[in-house]
Amino acid sequence: MRSRRRFPFDRNSRVVNAAFLLLFSCLLYGGNAGALEEPAMKAGVFSPARVAPDFSLAASDGSELNLQRFRGKVVALGFGFTSCPDVCPITLAVLAQARRKLGELKEDLQVVYVTVDPDRDDAERMRNYLAAFDPTFIGGTGTEEQLAAVREEYGIMAKKTVYGKDYGFSHSSFTYLIDRQGKLRALMTYGHTAEDFANDFGILLQE
Amino acid sequence: MTIRRTHWICILPLAGVLGVGALAAVTPVSIESNEQIFEIPKGTWARRMAGDTVEILPDEIRLTLGVRDILVLKNSDDVPQMFGPTLMMPGQSFRLPFEMASEYQFACTAHASGQMTIIVEPFPSTPWARLRWRVLEVMRTEVLQEVKA
């Protein structure tokens with residue numbers, strides 16, 4: 001004799017309803033929890049953020065370079081030198097690519113590159129070098145003492161290495177991200193993609 | 001064939017070790033937090049000024065994607081400190097996430113070598129990788145405790 005199997009939920013419809021309600025609540029909570037999360041930055045983030053130390057250097061466009069003039073914009077601040085064979089050109093190329101990805105917001109992003117090699121990197125040389133990546137990029141140069149003071153404020157290492165008649169620098173390769181209010185918000189380590197930079201620029205620009 | 005009592009004394013611990021190893025290899029890897037935290041305690045600068053050698057960060061830090069892949073540095077001292085790759089103000093923390101398995105070199109004046117290495121390993125997805133991760137985790141915990149001591 002075939003026994004007719006009853007659908008087990010029929011007898012316990014309240015239990016079933018409660019279970020579905022619980023499941024639905026969990027899904028709803030999970031969805032909301034995800035929606036409420038702040039977008040994740042790819043860079044290392046400082047907490048609390050401090051005001052980015054300002055400085056006064058010679059800008060590659062012939063003006064005075066300080067951070068105050070870029071208040072209201074997001075600033076990507078890097079350190080390097082124009083004779084750098086690898087790290088600096090790669091970083092600058094990535095920054096240029098990231099800027100292009102921002103669409104209209106790119107006008108509110110300013111890339112500032114401060115030299116660690118004042119003997120060779122004068123304003124004109126920096127202007128020509130940076131223009132090859134993006135004509136809006138601004139370089140900063142000055143005396144050795146001025147630049148050393150800026151590096152100290154930002155914890156930047158730069159060590160000169162002599163190769164015969166030539167020389168180079170081992171230097172910190174990360175890029176600082178400064179928000180529209182002039183706060184030092186994050187530090188992007190070397191090796192990140194243009195997409196990563198664009199992601200973080202986008203987050204800071206839309207705050 | 002009967003197994004003598006003395007044999008059981010050898011077999012049981014071996015079976016226990018193998019069982020624990022198998023469990024460690026099979027059980028999915030998960031921990032409470034993805035953060036590996038290093039903190040400069042209050043008074044570190046004063047101790048250094050007094051001539052103490054205070055090492056906070058090991059020369060080499062190992063992280064694992066998907067398990068412990070966020071480096072957190074905290075400066076709880078009263079003065080700014082070079083910590084890892086950056087200068088940190090008193091009371092400030094720095095949270096650095098990693099998304100790619102690789103070896104990262106950072107200039108770090110806190111180390112005698114002037115360099116800090118962070119090795120980010122891939123997620124341990126195979127039984128052997130899980131077993132290896134757990135063994136390394138135990139060793140790493142001991143090393144960190146020695147550094148803190």
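Values in this text are rule-based calculations from the coordinates and carry no lab data. As the structure is a computational prediction, the values presented were derived from the model and not from experiment. Don't worry about glycine lacking a Cβ; one is built from the backbone with ideal geometry, like all the others, and counts go over all protein chains shown.
Here are a few things to note about the model shown:
- Of the peptides A:173-180, B:130-137, the order by per-residue mean of other Cβ atoms within 10 Å, starting with the highest, comes out as A:173-180, B:130-137.
- For the residues of A:139-151, the average number of beta carbons from a partner chain within 10 Å of their own beta carbon is 0.
- Amide H to amide H distances under 5 Å link residue B:61 with B:117, B:118, B:119, where only residues 5 or more positions off or on other chains count and H is placed in the peptide plane.
- For peptide A:50-57, the mean count of partner chain Cβ atoms within 10 Å of a residue's Cβ comes to 1.
- In this Cβ point-charge picture (+1 for Lys and Arg, -1 for Asp and Glu), segment A:38-101 has a dipole of about 280 debye about its Cα centre.
- Against the main long axis of the alpha-carbon atoms of chain B, helix B:127-148 sits at an angle near 40°.
- Here residue B:42 is the anchor, and the lysines within straight C-alpha reach of less than 24 Å, apart from those fewer than 8 places off in the same chain, are B:74, B:148.
- Sequence-distant residues sharing a close amide H with residue B:91 (under 5 Å, placed H): B:75, B:76, B:77
- Helix content alone sets the calculated 222 nm mean residue ellipticity of chain B: runs of n ≥ 4 DSSP H residues at -39500 (n - 2.57) each, divided across all residues, give -11000 deg cm²/dmol.
- The listed peptides A:61-74, A:185-198, ordered by packing as a protection proxy, come out as A:185-198, A:61-74 (highest mean of other Cβ atoms within 10 Å first).
- Here r is the Cβ-Cβ distance between residue A:170 and residue B:125 and R0 is 35 Å; the resulting FRET efficiency, rounded to 0.05, is 0.45.
- Here segment B:49-128 was treated as a single set of alpha-carbon atoms; its pair distances binned every 5 Å from 0 give 3, 14, 22, 23, 17, 10, 6, 3, 1, 0 percent.
- Normalised size of chain B, defined as Cα radius of gyration per 2.2 N^0.38 Å with N residues, equals 1.38.
- Partners for residue A:101 among lysines (Cα-Cα distance below 17 Å; same-chain residues under 8 apart left out): A:42, A:73
- Summarising the amide proton neighbourhood of residue B:36: residues at separation of 5 or more, or on other chains, whose placed amide H is nearer than 5 Å comprise B:70, B:71, B:72.
- For chain B, averaging the sequence separation of C-alpha pairs within contact (under 8 Å, six or more residues apart) and dividing by the residue count gives a relative contact order of 24 percent.
- Helix B:5-26 vs. chain B, principal-axis angle (Cα, 0 to 90°, nearest 10): 50
- Partner chain coverage, peptide B:90-97 - average Cβ within 10 angstrom: 5
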